[in-house]
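To start, the structure itself, in structure tokens.
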Amino acid sequence: MNKKNKIIAIEEHYFDPDLTKHFSKGDSLPIELQKQLEDVDELRLKEMDDAGVDVQVLSHAPPATQCLGVDSAATIAKNTNDRLAEIVRTHPDRFAGFAALPTADPKAAAKELERTVNDLGFKGAMIHGLTNNVFFDDKRFWPIFERAASLDVPIYLHPGPPHPEVVKAYYQDYLDDYPGLLTAAWGYTVETATAGIRLILSGVLEKYPELKIILGHLGEGLPFLLWRIDQALSRPGNKPLSFRDMFSEHFFVTTSGNFSDPALLCCLQEIGADRILFSVDWPFVPNNPGVDWMESLQLSNDDKIKILSGNATKLLKLG
Ligand code: MN
């Protein structure tokens, strides 16, 4: 790319100290990462400039407001979103925001989504895995989907910690040596892919046909498995469902933390360049490798422009 393409990254995290004090102790991170997450000014902008990232759409890091109980969730989420709006206002040409929603109180969450989009200019919301160990497709959460569809903003399904029983049965014996197995290496992926599959099975996408869902990490493995899931769900005994079509019509994927040529090629073949958006997953993943990878790809410049900024501009109504 000789002339620099605009770069918008849409799964870029921060920490709000007034929200993170509600996280359980087990969620603490290395000090350097903590510093990067808490910086919403000079350090962050410098790292963006060094890599050529023009805009970060900011979202709180997991578990965000999904760790809160019904009594406090609505107030804490509102204050967190108000502070995020302040951060965006300090650099409106460099930052945009995804809302943190008080999912423990679904009606309040729907209202908060509407407030943050209409009053604060947010671009959608990010949900981090389970709320009180319940998957997001549960009917109690449908008011949130109804509001997202009517506001025409996407919901970003981001990983959160797996269910405690799953941790015990599937991962616990390896976690002393490989704590990453629980999160980005595998646990997060399985959890979020399952959330995506369940959303399609739930019927919520038929009920709200305008609903748009974003998955990070090049689709959490689902593009690679679409054909097989679709074929297996069409065998006798299953209710009729066009799984592959539903995924391709409602889901978008981002490149966050998965700068893999073969994985991207699979996404291009399954859902096409119009549904792939650039992301880094900063600061869990550094900016430079993501930008360098995009530059090295054997893609037409038109497709690169779509992935780097065009699709985000359209989907999130930026600029
Ligand atoms: Mn992330």
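The values are calculated or read from the model by the stated rules, or taken from the named source; none is laboratory data. On a predicted model such as this, the values are computed, not experimentally measured, just so you know. Ideal geometry is used to build each Cβ from the backbone, glycine not excepted, and the neighbour counts take in all protein chains shown. Protein only, heavy atoms only, side chains kept; ligands, DNA and RNA dropped before computing areas. Shrake-Rupley method; radii C 1.70, N 1.55, O 1.52, S 1.80 Å.
Data table
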read-out: ALA185 vs. criteria under 21 Å from VAL280 (Cβ atoms) and free of Cβ contacts under 8 Å to residues at least 12 places away in the same chain; value: yes
read-out: The one condition in (1) over 16 Å from GLU12 (Cβ atoms); (2) surrounded by fewer than 16 Cβ atoms within 10 Å (Cβ to Cβ); (3) of a type outside the set (A, V, I, L, M) that ASP93 fails to fulfil; value: (1)
read-out: Subset of region 1-33 (residues that are open to solvent by less than 90 Å² (accessible area, probe 1.4 Å), farther than 22 Å from LEU68 by Cβ, part of a loop (DSSP other than H, G, I, E, B) and modelled with pLDDT of 95 or more); value: ILE7
read-out: Conditions (1) farther than 25 Å from TYR188 by Cα; (2) open to solvent by 50 Å² or more (accessible area, probe 1.4 Å): number failed by VAL117; value: (2)
read-out: Residues of region 1-60 that turn out to be within 11 Å of ARG94 (Cα to Cα), within 16 Å of the ligand (Cβ to nearest atom) and of a type in the set (D, E, K, R), as a count; value: 1
read-out: Matching residues, region 285-313, being within 16 Å of the ligand (Cβ to nearest atom) and touching a Leu at 6+ places or on another chain (Cβ under 7 Å); value: ALA312
read-out: Lone qualifier among LEU199, LEU218 - being buried (at least 18 other Cβ atoms within 10 Å of the Cβ) and either within 16 Å of the ligand (Cβ to nearest atom) or more than 18 Å from GLU249 (Cα to Cα) (or both); value: LEU218
read-out: Matching option when the condition is open to solvent by 60 Å² or more (accessible area, probe 1.4 Å) and under 30 Å from GLU12 (Cβ atoms), among GLU206, GLU210; value: GLU210
read-out: Residue that is farthest from PHE252 (Cα to Cα), among those in region 165-196 that are open to solvent by 50 Å² or more (accessible area, probe 1.4 Å) and of a type in the set (Gly, Ala, Ser); value: ALA169
read-out: Test result for ALA108, away from the ligand (no atom under 16 Å from the Cβ), open to solvent by 10 Å² or more (accessible area, probe 1.4 Å) and in contact with an Asp or Glu (Cβ under 7 Å, 6 or more places away or on another chain); value: no
read-out: Every residue from region 252-295 that is surrounded by 23 or more Cβ atoms within 10 Å (Cβ to Cβ) and either more than 23 Å from GLY52 (Cβ to Cβ) or of a type in the set (Asp, Glu) (or both); value: ARG275, ASP281
read-out: In region 145-161, the residues that are at pLDDT 95 or above, within 16 Å of the ligand (Cβ to nearest atom) and closer than 20 Å to LEU68 by Cβ; value: ILE155, TYR156, LEU157, HIS158, PRO159
